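K.L.:
Please find one structure pasted underneath; my questions will follow.
The values are calculated or read from the model by the stated rules, or taken from the named source; none is laboratory data. What you see is a predicted model, and the numbers here were worked out from it, not measured in a lab. For neighbour counting, all protein chains shown are included, and Cβ atoms are generated from backbone atoms with ideal geometry for every residue, glycine included.
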Amino acid sequence: MGESQSRYSIVERLTQQKLRIIDTKASLSSGIISVKQEVDSLKKELEDWEKDVKEDTDRTQRARKRQIENAETKLRNVEAQKKQKEETCDKKFEAVEEALKKLEEISKTSPT
């Protein structure tokens, strides 16, 4: 009987050791799974960040292009206004010149 109990205790200890080894092995796998999940999460964060940066860059580029287009439109408008004002000034100048010529003619013909 002592021999069977001795075998029984040896089997029990070996079974316990076997279970501890299985637990240790499982915890190693769970540690790897945890690190893999962290790596995957960091990769996803990087992809999201890159996407955000690209969208931000594209949005900024579009905004700057609109600013340039608006400035170019403003320049064309200012140039057109300048041209119209120059034409108006030229017409007024011609009218004044005509008036001066008429006054000069009148003063030549009229007695002083």
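K.L.:
Hey, among Ile106, Ile21, Ile10, Ile33, which residue is loosely packed, with under 10 Cβ neighbours inside 10 Å and either out of contact with any helix residue (DSSP H, G or I) (no Cβ under 7 Å at 6 or more places or on another chain) or of a type outside the set (S, T, N, Q) (or both)? I'd like the intermediate steps shown before the answer.
P.N.:
On the way: Ile21 fails: loosely packed, with under 10 Cβ neighbours inside 10 Å; Ile10 fails: loosely packed, with under 10 Cβ neighbours inside 10 Å; Ile33 fails: loosely packed, with under 10 Cβ neighbours inside 10 Å.
Going through Ile106, Ile21, Ile10, Ile33 in turn, the sole match is Ile106.
K.L.:
Quick test of your reading of the structure: Thr112 fulfils all but one of (1) surrounded by fewer than 10 Cβ atoms within 10 Å (Cβ to Cβ); (2) modelled with pLDDT of 95 or more; (3) of a type in the set (Val, Ile, Thr). Name the failing condition by number.
P.N.:
Just one mismatch for Thr112, condition (2).
K.L.:
Is it true that Gln37 is out of contact with any Ser or Thr (no Cβ under 7 Å at 6 or more places or on another chain), part of a helix (DSSP H, G or I), on the phi < 0 side of the Ramachandran plot and modelled with pLDDT of 95 or more?
P.N.:
Details: out of contact with any Ser or Thr (no Cβ under 7 Å at 6 or more places or on another chain): yes; part of a helix (DSSP H, G or I): yes; on the phi < 0 side of the Ramachandran plot: yes; modelled with pLDDT of 95 or more: no.
Answer is no for this residue.
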